[in-house]
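Below: the structure, in structure tokens.
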Amino acid sequence: MRCVATSTLPPSIQARRTTIAMKLVMAVSGSLFVLFVIAHMYGNLKMFGGQAAYDDYAHHLRTLGEPIAPYSGVLWIIRVVLLGSVLAHIYSAFYLWSRAQGARTTKYRMKKAAAATISARFMRWGGVALLLFLIWHILQFTTRTINVNGSHDSPYDNYVAAFQPSVWWVFVIYALAMVALAMHIRHGVWSATQTLGWTGNVRARRRANTLAITLAAVVSIGFILPAVFVLFGVIK
């Protein structure tokens with residue numbers, strides 16, 4: 001008689017293992033996205049080099065890997081990987097949130113939830129806001145479905161047109177999104193270091209917290225600076 005292997009683990013342990021797996025998925029997918037926004041921020045800083053520097057950067061993104069890869073081939077691979085990371089991040093976030101909601105039945109857990117940091121409480125709705133901004137950003141600068149102050153062949157001209165004082169509200173949306181991004185990165189990096197086991201002692205926790213704050217500040221400030229300089233007419 002053949003024996004059929006079955007899991008002997010209690011449901012609570014199976015659920016705990018799934019939760020740990022989802023936290024790892026969130027940490028890894030979030031890390032990929034942080035690497036992307038750092039690279040994207042660096043590219044945006046090319047605005048300070050002038051139109052030729054920024055337009056050349058935008059062009060070279062599409063010629064990466066040539067002639068081995070087709071035109072825009074590597075860029076599309078990056079886009080697919082990022083899309084997969086975003087979907088995995090959203091799914092794991094929703095799973096962990098639903099698990100946390102189901103677990104908050106005792107006063108202790110409710111008090112612990114109430115003691116969460118501001119950034120932790122903001123993560124859920126901040127993530128939704130960032131997702132909506134990402135869709136807006138793609139429609140504005142990638143597909144150019146949304147034209148603010150007209151559409152131009154030059155990526156540099158499109159950026160400058162988007163942050164003119166006459167459309168100040170675009171800058172406000174962008175600035176609020178950068179605040180949300182900073183808070184998301186700060187809490188996300190800190191949580192990822194905990195999930196990956198890099199905060200085993202006080203010194204490691206301090207380093208992790210410093211890394212999280214530094215990355216959040218550098219990325220958000222790096223993104224907003226070119227827009228500020230355009231708004232006040234320094235970049236024309």
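The values are calculated or read from the model by the stated rules, or taken from the named source; none is laboratory data. No experiment lies behind these values; they were computed from the predicted model shown. When we count neighbours, we look across all protein chains shown, and the Cβ atoms used for this are built from the backbone with ideal geometry, even at glycine.
Points to keep in mind about this one:
- Any chance Asp153 is farther than 19 Å from His40 by Cα and acidic (Asp, Glu): yes
- When restricted to residues that are farther than 24 Å from Ala100 by Cβ, within 10 Å of the chain's Cα centre (by Cα) and touching a residue at least 40 places away in the same chain (Cβ under 8 Å), the stretch 22-46 contains 3.
- Residue match in the stretch 186-207 (condition: under 22 Å from Leu130 (Cα atoms) and among the basic types (Lys, Arg)): yes
- Single residue of Ala212, Ala208, Ala182 found to be at pLDDT 90 or above, of a type outside the set (Ser, Thr, Tyr) and over 26 Å from Arg79 (Cα atoms): Ala208
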